[in-house]
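The values are calculated or read from the model by the stated rules, or taken from the named source; none is laboratory data. The model shown is predicted, which means the values in this text are computed figures rather than measured ones. When we count neighbours, we look across all protein chains shown, and the Cβ atoms used for this are built from the backbone with ideal geometry, even at glycine. What goes into the accessible areas is simple: the full protein's heavy atoms, side chains included, and nothing from ligands, DNA or RNA. Shrake-Rupley method; radii C 1.70, N 1.55, O 1.52, S 1.80 Å.
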Amino acid sequence: MVAPLTKMWPLYAAGFTTAFGAHGIAANLGSEDTVTSLLVLGGLLALYDGAEVLLKPLFGTLADRIGARPVLLGGLIAFAATSALYVAVDSAAYLWMARLGQGAAASAFSPSASALVARLNPSSHGRAFGSYGFYKSIGYTLGPLLGGALMWAGGMRLLFLTLTILAAAVALWAALAVPSVPPLPKTRQTIVDLARRLLDRSFLGPTSALAAATSALSVGVGFLPVSGAAAGMGTLATGAAVSVLAGCAALIQPRAGRALDAGRLTARRGILTGLALTATGLAAATIPGIPGVLAAAALIGVGTGLITPLGFATLAAATPASRLGQTMGAAELGRELGDAGGPLLVAGVATVATLTYGYAALALVLAIAPLLALTPRNRAPATLHKSD
């Protein structure tokens, strides 16, 4: 069963909102007068991601308990309210408060939107998550560009005002179009039960692959411009290279999802292929010059575009419907850890060696760690059942 597009569009818009909100501001904080040092910049960047790491699993569990739609709407309204806070009071202190509030609000509506995508499309997870990932990737791609244009036109307040209007409009749209999906009855779950579920390969394998993909994507966006500058590429050319990465990731996701639903591609084969392509892309980044940068951008984009919808579709298929919010929140936590861990690994290795060795180190991690999690053991592993 495929949900009508009228029900899905607000969820796609919510995915766009969280991606645009994350990258649109993050890419332009350095030009804000109140950001007076790299330490301040790092703190503002960490606020948003830190809130997501801490709160996404909690809000995902709440979505299972009271229903994903109320948590989605509450998160979007809170995102609009905290964005409006900075519009009303343009000061450094309120910038910190607004950024923290945005991260907390995104922690609510992001896993809720993913859970609703799965609940509303029980027999077409691949297509649904492929489309959801496409619009989220568009938000990541356009965020720095549109954010920069808004900063040029009216400064940080105009950017926050745009996010206020966007989140409020999506909240109203979702309230009108997204149906109520009541929480399902579930058996009592202990901490041991939760740990067992999250350590099972049906969760750990896809989530580790999603984390690996996000780490490579973050490294590509952050470090390929450095390699491009070293190769003599100008700002416009390096921006185009990053756009190639994001564009490939966006275009591949719907196609991968449709192929999964049609039976032309298995999730395991697609994820392993994506990991291989992503690792190859990072290896290509070690090649000096423009060819290495462009090859890396295209391969990382295609690889992560394969992994993302297949990973989420696999998690949705293996999770009881009554636990989808919790699973999606935990999976998003894994992605956030990858988002932070990949750049830290590359930067750490580059500090003691060179950026080339940093790329190679992450390529090695991507080639080994998720592969081990996805490789079947000799004995049949425990599985998550659809009934709860």
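Quick notes on this structure:
- Some residue of the range 340-358 being crowded, with 23+ Cβ neighbours inside 10 Å, touching a Ser or Thr at 6+ places or on another chain (Cβ under 6 Å) and modelled with pLDDT under 90: yes
- Test: residue 97 is at pLDDT below 85, part of a helix (DSSP H, G or I) and in contact with a Ser or Thr (Cβ under 8 Å, 6 or more places away or on another chain): no
- Flag for residue 226 being open to solvent by 10 Å² or more (accessible area, probe 1.4 Å) and either in a helix (DSSP H, G or I) or in contact with a strand residue (DSSP E or B) (Cβ under 9 Å, 6 or more places away or on another chain) (or both): yes
- Cβ-Cβ under 9 Å pairs, at least 6 apart or on other chains, the range 76-96 side of a type in the set (D, E, K, R), far side at pLDDT 85 or above and open to solvent by 40 Å² or more (accessible area, probe 1.4 Å): 90/157
Residues checked against (1) modelled with pLDDT under 90; (2) touching a Leu at 6+ places or on another chain (Cβ under 9 Å):
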{"site": "163", "(1), (2)": "no, no"}
{"site": "171", "(1), (2)": "no, yes"}
{"site": "181", "(1), (2)": "yes, yes"}
{"site": "192", "(1), (2)": "yes, no"}
{"site": "198", "(1), (2)": "yes, yes"}
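- When each of 113, 167, 149 is tested for being part of a helix (DSSP H, G or I), aliphatic (A, V, I, L, M) and within 16 Å of the chain's Cα centre (by Cα), the lone residue that passes is 113.
- Single match in 293, 302 (criterion: more than 30 Å from residue 58 (Cα to Cα), in contact (Cβ under 8 Å) with a residue 24 or more places away in the chain and under 16 Å from the mean Cα position of the chain (by Cα)): 302
- Taking the range 291-339 as the range and being crowded, with 24+ Cβ neighbours inside 10 Å and either β-branched (Val, Ile, Thr) or on the phi > 0 side of the Ramachandran plot (or both) as the test, the residues that pass are 293, 300, 304, 307, 308, 314, 319, 327.
- Out of 239, 220, sole residue that is in a helix (DSSP H, G or I), on the phi < 0 side of the Ramachandran plot and at pLDDT 80 or above: 220
- Of 51, 14, 81, all but one fail to be part of a helix (DSSP H, G or I), in contact with a helix residue (DSSP H, G or I) (Cβ under 6 Å, 6 or more places away or on another chain) and either at pLDDT 90 or above or over 16 Å from residue 329 (Cα atoms) (or both); the exception is 14.
- First in the range 153-169 and touching a residue at least 60 places away in the same chain (Cβ under 8 Å), second anywhere and outside any helix (DSSP H, G or I) and open to solvent by less than 60 Å² (accessible area, probe 1.4 Å), Cβ under 6 Å, 6 or more apart: 156/32
- Of all residues in the range 143-156 being within 24 Å of residue 220 (Cα to Cα) and open to solvent by 60 Å² or more (accessible area, probe 1.4 Å), the one that is modelled with the highest pLDDT: 146
- Selection count where residues are surrounded by fewer than 24 Cβ atoms within 10 Å (Cβ to Cβ), assigned to a loop (DSSP other than H, G, I, E, B) and either hydrophobic (A, V, I, L, M, F, W, C) or in contact with a Leu (Cβ under 7 Å, 6 or more places away or on another chain) (or both), scope the range 281-290: 1
- Count of the range 242-280 residues which are more than 27 Å from residue 228 (Cβ to Cβ) and assigned to a helix (DSSP H, G or I): 14
- Long-range neighbours under 9 Å by Cβ, at least six apart or interchain, first residue at positive phi within the range 121-147, second among the hydrophobic types (A, V, I, L, M, F, W, C) and crowded, with 22+ Cβ neighbours inside 10 Å: none
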